[in-house]
Amino acid sequence: MQAKTLNFLKTKPQNLITSNYTQAIQVAEVAKFLELDYSLLPDFRANIGDDLRSYKNELFELNKALFEFYTKNTTLISPINTILRKLPNKKYYQSFSLEFAQTIDLQKLKEKLIFWGYEVVTIIQEKGEVSFRGDIIDIYPINYDTPFRISLFDTEIENIRSFDEYTQKSIEEVESIEIIPAIAALDEDEYNEIQKKIDESKFDTFYKDFYSLGYWFLDKSLISDNFNLVYDMTKEIEEFKSFNQLENFKYSIIPETDCEDFKPANIKEFIELNKDKKITLLAKNEVLLKEKGIDYPFKESDAVVNIKCKDEFIISLNEFKSKKRKNPIILLDDLKKGDFVVHSQHGIGKFNGLKQIEVLGKTGEFAEILYANDDKLLLPIENLDLIDRYIAPGGVIPTLDKMGKSTFAKNKEKIKEKIFAIAADIIKLAAKRETIPPKPMKFDGIEEFISRAGFSYTPDQQKAINDMIEEMKSRVMDRLLSGDVGFGKTEIAMVASFIAVNSGYQVAIVAPTTILVSQHYDTFVKRFADYDIKIAKVDRFTTTKQKKEIEAGLKEGEIDIIIATHSAFNLEYKNLGLVVIDEEHKFGVKQKEKLKNMVENVHLLSMSATPIPRSLNLALSKIKGFSALNTPPKTKQETRTFVKEYSDELLKEVILREVRRGGQVFYIYNNIASIEMKKEKLQKLIPNLRILTLHAKLTPNQIEKAMADFIDKKYDLIIATTIIESGIHIPNVNTVIVENADRFGIADLHQIRGRVARGENEGYAYFIVEDKDKISDDAKKRLIALEENSFLGSGAVLAMHDLEIRGGGNIIGTAQSGQIKNVGYSMYIKMLEDTLKELSGEKVEEKETEIKLNINAYISPEIIEDDRVRIEIYRRLAKSKTLDDVYEIQKEVIDRFGKIDKVTKNFFEKIKIKVIASQKGVISISNYGENITILYENDKKFIKAKAKDDEIILETILEHLKD
């Protein structure tokens with residue numbers, strides 16, 4: 001298709017229309033190669049009345065492309081689906097600039113941005129948002145790839161800097177920025193008129209506002225009177241006409257060409273064999289040539305174009321970039337009022353928010369924690385690191401501990417003994433494996449095996465394979481590979497299996513369920529089809545006769561790869577060289593013991609769909625290797641999210657739409673008592689729907705059999721009480737409905753949403769609430785953030801945090817879930833990390849220094865209004881271990897929120913004192929007026945400040961400690 005469009009684009013046409021968005025991207029690459037100015041329209045599939053918050057990214061891409069088209073007369077490239085719709089008129093696409101030293105009227109600027117469709121928020125995380133904080137304006141214009149921070153001096157722009165939306169830190173200074181409308185360039189009258197039409201409309205969206213519906217009330221028309229189609233799309237056009245009004249849609253199909261799309265498997269060889277032909281080699285830089293060992297003149301271009309003509313070739317060394325899943329760093333909502341927390345000394349309590357309290361005439365900020373019998377603990381905010389959110393197995397609701405009672409300390413002591421035994425065991429096993437020389441492996445043929453995968457590896461996969469090979473060469477491998485379903489873990493297991501079998505060894509792949517065994521078996525058989533490698537499987541459905549044959553085959557060495565449930569632990573092997581274990585935490589204690597004996601001297605690769613915390617990863621790094629896959633495959637579609645009020649019509653429409661396209665549905669209904677009634681109600685609503693019910697009262701075997709039937713498409717919909725099994729790959733489920741979504745935590749909703757769109761189809765998540773007027777503002781905000789798919793807002797970070805913490809607990813084994821319940825995962829993992837460090841001979845931090853200074857010191861709400869953000873900064877400061885950490889955060893706060901006031905500066909100084917004092921073994925620091933007492937382990941120092949001023953007291957202590 002690129003070949004066909006190359007000749008045509010040389011004539012510089014007005015537009016070019018493709019069948020789908022993937023083709024449009026290919027055509028855009030050709031335009032880029034020809035150095036044409038072009039605008040690429042997205043695949044915009046919203047229908048009139050749809051909530052545009054769910055289509056935010058596409059809407060912004062559309063507006064950016066239309067702005068360029070209208071103002072710069074670019075060549076328009078579009079998928080047919082978008083161009084057939086009438087699009088907003090040219091009058092809505094204006095722009096204005098903000099530049100250094102310009103004088104602005106803040107109120108007018110704010111109004112203009114609101115009329116243009118920018119949403120006012122506290123923290124910018126997405127395009128189309130703006131935030132006003134005193135003399136700082138943050139804005140993320142839709143025509144840039146980074147947001148900008150504008151600092152004002154009174155009404156004059158002092159500087160403009162780009163910043164990173166994930167860390168919120170500034171990057172570089174720029175002279176000026178051009179701002180284009182997020183929705184449309186409207187004035188006040190036009191905006192109010194549209195707002196009125198929205199209020200009167202019958203559209204059903206969660207919020208009836210300009211951001212959700214404004215676009216539908218703009219004047220629109222067809223963008224051209226003649227379209228150039230890459231292929232004959234008459235059928236699509238006629239189909240569209242039958243449902244929509246479409247007059248005067250004239251089009252012609254572009255001519256065929258002698259050239260064709262073509263990409264050689266080995267570019268270096270191809271160039272050497274075709275030296276007599278004209279070859280245009282494209283590469284964005286010289287490094288790509290060096291990497292492939294190619295010495296040939298190239299054209300510097302980042303276009304991806306591969307075309308073969310009779311005596312000319314265009315070949316690109318560039319690849320399409322994968323969407324890297326960014327891992328946001330800022331953990332908002334980590335602590336909110338009403339959350340259960342666990343304090344390292346007092347145990348489980350309930351967080352009751354931040355409180356400013358005056359003591360002896362000086363104000364400080366405290367975290368209030370409620371305990372049993374209505375006791376309250378006021379925790380000085382600089383010690384926020386002593387508490388963690390309580391996360392437990394199976395979402396247990398904990399009992400509050402009694403303050404001052406020894407129950408919690410006793411629980412902790414018991415757990416410590418257990419943890420000690422576990423950690424000692426881990427270290428002993430690792431030490432034993434260290435002394436065994438690794439089985440010699442042959443690493444030839446890997447490149448060729450990889451080239452047959454049928455797709456390019458993500459950078460994460462490439463790194464995981466390189467690290468794995470290095471480990472196999474130097475020691476008996478023990479590596480944990482984590483990554484979401486569909487991110488390519490199995491491919492890495494197959495490379496490891498290829499290495500082992502190629503070196504003359506057998507491989508055992510062990511999975512906890514029959515479903516996973518059969519999924520792995522199918523994948524392996526397909527991938528190894530071209531090799532003389534014998535693969536067998538053992539699961540619940542294997543007959544006694546088959547099992548006997550397999551046992552004999554393994555003993556004789558005739559079977560190379562066995563894929564099985566826990567029965568793999570009881571089989572006899574002729575020459576086992578590698579064990580791959582999937583979702584290890586789902587095996588029982590006895591099975592884990594057998595695994596330990598089985599892998600004493602063979603390479604081990606464990607795979608998990610749950611990540612683990614970085615800190616635990618570091619504590620275990622001397623013992624285990626780690627690889628994480630964070631890049632989604634190129635074909636992975638996003639999940640579109642809608643928040644709706646309950647109605648039978650809506651359910652019927654959503655379910656039938658999925659079933660009609662041949663897909664299946666997950667329905668989450670979190671009430672086991674009435675789940676059968678819910679099933680009957682759905683059955684009445686859609687009589688022929690094949691419904692399966694799943695809940696915790698079924699046995700594991702019943703659940704597994706039901707899931708296998710569902711995967712075989714014997715049912716259309718599963719109605720289940722909680723999160724559907726994580727490790728299973730069901731690419732056919734592309735819609736999930738969550739009833740009473742306001743009762744779920746944000747992390748849970750984020751994980752539920754991740755269960756769909758595992759294949760190549762777009763996924764839909766519907767979060768249903770009973771009555772939107774009855775749910776709290778907090779729950780509304782949470783759900784809207786999810787609907788906008790906003791990466792941070794959607795609790796992705798929180799979900800990630802929760803997952804990691806649970807994943808950390810899983811590594812050690814499910815047998816401990818009873819103890820974990822008493823202290824929560826976070827505390828359990830911290831205890832485990834400390835024990836591992838202790839046993840490895842590393843120093844574990846002792847008690848923290850207590851800072852009892854009677855001064856005014858807290859982060860002023862006038863500087864940072866949002867409690868969530870203040871808590872996040874407090875928490876990071878409390879965890880700071882070096883002065884550099886504190887200075888970094890102080891610079892960031894000034895950068896994000898402008899100049900800081902006295903009390904905030906005092907708080908930073910107080911934290912610096914805490915950090916240095918901890919390093920110097922100080923037990924506590926206190927003052928009475930200008931008299932300061934510093935208590936060491938075996939000593940006490942009294943010093944006197946020159947005055948009672950807070951700043952002077954802090955300065956005196958800092959100088960003393962630095963000396």
Binned Cα-Cα distance frequencies in the range 374-502 - 10 Å width, integer %: 9, 24, 21, 18, 17, 9, 2
If unit charges are put on Cβ atoms (+1 for Lys and Arg, -1 for Asp and Glu) and the dipole of the chain is taken about its Cα centre, the option from I198, L616, L273 lying farthest towards the positive end turns out to be L616
Quickly work out the T234-to-D219 label distance, labels modelled 7 Å from Cα along the C-beta direction, and quote it in nm with one decimal. 3.6
What residue among Y215, V915, V525 has its Cα farthest toward the positive end of the dipole of the chain, where the charges are +1 on Lys, Arg and -1 on Asp, Glu, each on the Cβ? V525
Ranked highest first by average number of other Cβ atoms within 10 Å, how do 123-131, 849-857 line up? 123-131, 849-857
With Cα extents along the principal axes in Å defined as stated, name the option among (i) 91, 84, 69; (ii) 116, 74, 65; (iii) 161, 122, 65 computed from the structure displayed. (i)
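If packing is taken as the mean number of other Cβ atoms within 10 Å per residue, what is the order of 538-547, 80-89, 422-431, highest first? Before the final figure, lay out each step's value.
On the way: 538-547: 13.4, 80-89: 19.5, 422-431: 15.4.
Highest-to-lowest ranking by the protection proxy: 80-89, 422-431, 538-547.
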Hey, can you rank 220-227, 446-453 by average C-beta count inside 10 Å, highest first? 220-227, 446-453
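First check a/c for the range 873-963, with a ≥ b ≥ c the square roots of the eigenvalues of its C-alpha gyration tensor; if it is under 1.5, answer rounded, and if not, answer prolate when a/b is larger than b/c or oblate otherwise. Walk me through the numbers before you get to the answer.
Numbers: a/c = 2.69, a/b = 1.47, b/c = 1.84.
Since a/c reaches 1.5 but b/c is at least a/b, the shape of the range 873-963 is classed as oblate.
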Under DSSP H, which helices of the chain have Cα atoms covering 30 Å or more of the helix axis and a Kyte-Doolittle average no less than -0.5? 407-435
Pairwise label distance in nanometres, E272 with T11, each label 7 Å out on the Cα-Cβ vector: 4.2
Could you please state, rounded to a whole Å, how far the C-alpha centre of the range 484-561 is from the C-alpha centre of the range 837-909? 52
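State, as an integer percentage, the relative contact order of the chain based on alpha-carbon contacts under 8 Å between residues 6 or more apart.
Numbers: 1696 pairs, mean separation 101.6, N = 963.
Relative contact order of the chain: 11 percent.
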Using 7 Å Cα-to-Cβ label points, what is the D712/Y887 separation (nm, one decimal)? 6.7
Magnitude of the Cβ-charge dipole of the chain, K/R +1 and D/E -1, about the Cα centre, nearest 20 debye? 3100
Expected output is a single nm value to one decimal: the length gained when fully extending between E358 and S406, i.e. 0.36 nm times separation in residues minus the C-alpha distance. What is it? 14.2 nm
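On full extension of the chain, what length is gained from F243 through D444, given 0.36 nm per residue of separation minus the C-alpha to C-alpha distance?
Values: separation 201, 0.36 × 201 = 72.36 nm, distance 5.85 nm.
Gain in length upon complete extension: 66.5 nm.
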Quote the charge dipole size of the range 43-107 about the Cα centre in Debye, to the nearest 20; the model charges only the Cβ of Lys and Arg (+1) and of Asp and Glu (-1). 280
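Rounded, prolate or oblate: which fits the range 1-113, taking a ≥ b ≥ c as square roots of the Cα gyration tensor eigenvalues, rounded meaning a/c under 1.5, else prolate when a/b beats b/c? Working shown, then result.
Numbers: a/c = 2.76, a/b = 1.54, b/c = 1.79.
Oblate.
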Roughly speaking, what is the centre-to-centre gap between the range 172-196 and the range 368-412 when only Cα atoms are used, to the nearest Å? 48
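Given a 1.4 Å probe, how much area per residue of the chain is accessible, in Å²?
Accessible area per residue, the chain: 47 Å².
What is the ratio of the Cα radius of gyration of the range 1-55 to 2.2 N^0.38 Å, where N is its residue count, to two decimals? Please report the intermediate quantities before stating the final value.
On the way: Rg = 13.7 Å, N = 55, 2.2 N^0.38 = 10.1 Å.
Relative to the rule-of-thumb radius for its length, the range 1-55 sits at 1.36.
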Kindly report, to the nearest 10 Å², the accessible surface of C309 as traced by a 1.4 Å probe over protein heavy atoms only. 30
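Assign one of three labels to the range 812-963, namely rounded, prolate or oblate, based on the Cα gyration tensor with a ≥ b ≥ c the square roots of its eigenvalues; rounded applies when a/c is under 1.5, prolate when it is not and a/b is larger than b/c, and oblate otherwise.
On the way: a/c = 2.41, a/b = 1.38, b/c = 1.75.
Note, shape of the range 812-963 comes out oblate.
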The range 114-164 - percent relative contact order, Cα under 8 Å, separation 6 or more: 22
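Roughly speaking, what is the stretch gain from E417 to K208, that is 0.36 nm per residue apart minus the C-alpha to C-alpha distance, in nm to one decimal? If you can, show how the numbers build up before the last one.
On the way: separation 209, 0.36 × 209 = 75.24 nm, distance 5.72 nm.
Taking E417 through K208 to full extension adds about 69.5 nm, to one decimal.
For the chain, what does -39500 (n - 2.57) per DSSP helix run (n ≥ 4), summed and divided by total residues, give at 222 nm, in deg cm²/dmol to the nearest 500?
Values: 29 runs with 355 residues, N = 963.
Mean residue ellipticity, 222 nm, calculated: -11500 deg cm²/dmol.
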Against the empirical 2.2 N^0.38 Å scaling, what ratio does the C-alpha Rg of the range 222-315 come to? 1.62
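The values are calculated or read from the model by the stated rules, or taken from the named source; none is laboratory data. If you're wondering where the values come from, they're calculated on a predicted model, not measured in any experiment. Positions of Cβ are generated from backbone atoms using ideal geometry, with glycine treated the same way; all protein chains shown enter the neighbour counts. The area values use the complete protein model at the heavy-atom level, side chains included, leaving out ligands, DNA and RNA. Shrake-Rupley method; radii C 1.70, N 1.55, O 1.52, S 1.80 Å.
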